[in-house]
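The values are calculated or read from the model by the stated rules, or taken from the named source; none is laboratory data. Treat the numbers as computed from the prediction; the structure is a model and nothing was measured. All Cβ positions, glycine included, derive from the backbone under ideal geometry; neighbour counts span all protein chains shown.
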Amino acid sequence: MTFNINQSVFSKDGEYLEKKAIQYREQLMQLFEQSPEAQALRDEGIEPGWADMMIDFGISYPGVTALSS
């Protein structure tokens, strides 16, 4: 899967683009769940679902994505 972590989920005017944000979260979570880091968490009995909540919080409240500064 090709994923551009720098893609924007906001319009040029700063408007939240819900469909784009949902796709961003789903793609990022899919990649995370396949990662060695997520597997290490599962090995410790920790489910990585909390990561989706953090991505959603970042987009919905402060208005940032994974690489926003």
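Checking each residue in the range 21-30 for being surrounded by 13 or more Cβ atoms within 10 Å (Cβ to Cβ) and more than 13 Å from S60 (Cα to Cα) picks out Q23, Q27, L28, M29.
Residue-wise test of (1) hydrophobic (A, V, I, L, M, F, W, C); (2) touching an Asp or Glu at 6+ places or on another chain (Cβ under 7 Å); (3) loosely packed, with under 12 Cβ neighbours inside 10 Å; (4) modelled with pLDDT under 90.
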| position | (1), (2), (3), (4) |
| --- | --- |
| G14 | no, no, yes, yes |
| K19 | no, no, yes, no |
| Q34 | no, no, yes, no |
| E44 | no, no, yes, no |
| W50 | yes, no, yes, yes |
